[in-house]
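K.L.:
Below is a structure I'd like to ask you about.
Nothing in this text is a laboratory measurement; each read-out follows from the coordinates by a stated rule. Given the structure is predicted, the values throughout are model-derived calculations rather than measurements. Every residue, glycine as well, gets a Cβ built from its backbone with ideal geometry; the counts of neighbours run over all protein chains shown.
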């Protein structure tokens, strides 16, 4: 067997990472940072868009799985923070087609102390999502299907949020499909 191949395999095994080809949506928006999803932002593709608004971090990402494209939105709410997703129609422009995304609710998952069990609670549109625990932050999440096949680019504008009672409008979001080779964790 080739010595280079063996050295590469040993290096990958010891580092617990692998180089993989991946197709992903690269995000862009004014006022937001772009981060990697894996290993606390250290590994993988740059696929998350994060807006830090007061004591609430809003994370958005677009991905494709089994021919279905989805938009994921999460709120990481620190102590004293509150976010409301007001009733609104989210318009996504996909490769020059306009699609409406219907938002009904967000879900909070909270780990039951000392177990692997999760408590799930839904928060409908117009309800307050805050940090009601003693944890550092509460996370609320939902994903929405973008009803179109084979999308190369998604643009979303004017998502409105109430953060601590103040209206915020997220700048225009663009997610463009890209491919490349990236380091991915086998354990993190």
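K.L.:
Quote the Stokes-Einstein diffusion coefficient, in whole µm² s⁻¹, for the chain, based on the Kirkwood radius over alpha carbon pairs, a temperature of 10 °C and a viscosity of 1.306 mPa s.
P.N.:
87 µm²/s
K.L.:
Right, another one. At what distance in nm do the modelled label points of residue 70 and residue 6 sit from each other, each positioned 7 Å from its Cα along Cα→Cβ?
P.N.:
4.3 nm
K.L.:
Hey, another quick one. Compute log10 of I(q)/I(0) for the range 93-188 with the Debye formula, placing one identical point scatterer on every Cα and leaving out solvent, at q = 0.11 Å⁻¹, to two decimals.
P.N.:
Each listed q corresponds, in turn, to -0.54.
K.L.:
Under the 0.36 nm per residue contour assumption, what length would be gained going from the current alpha-carbon distance of residue 153 and residue 21 to full extension?
P.N.:
45.6 nm
K.L.:
Sticking with this one: So how much slack lies between residue 127 and residue 169, counting 0.36 nm per residue of separation and subtracting their Cα-Cα distance, in nm?
P.N.:
Separation in residues times 0.36 nm, less the Cα-Cα distance, equals 13.4 nm.
K.L.:
Based on the Cβ-Cβ distance from residue 178 to residue 144, what FRET efficiency comes out when R0 is 22 Å, to the nearest 0.05?
P.N.:
0.55
K.L.:
Let me ask something additional. Which ordering of 83, 45 is given by a fewest-first count of other beta-carbon atoms within 10 Å?
P.N.:
By the 10 Å Cβ count, ascending: 45, 83.
K.L.:
Could you line up 3, 177 from fewest to most neighbouring Cβ atoms inside 10 Å?
P.N.:
3, 177
K.L.:
Could you give the length gained by full extension between residue 91 and residue 54, i.e. 0.36 nm per residue of separation minus their alpha carbon distance, to one decimal place?
P.N.:
10.8 nm
K.L.:
Can you compute the helix-only [θ] at 222 nm over the chain? Use -39500 (n - 2.57) per DSSP H run of at least 4 residues, normalise by all residues, nearest 500 deg cm²/dmol.
P.N.:
So the calculated ellipticity at 222 nm is -2000 deg cm²/dmol.
K.L.:
OK, next. Under a GNM of the chain (C-alpha, springs under 10 Å), which listed residue has the highest mean-square fluctuation: 161, 60, 109?
P.N.:
Among 161, 60, 109, the largest GNM mean-square fluctuation belongs to 109.
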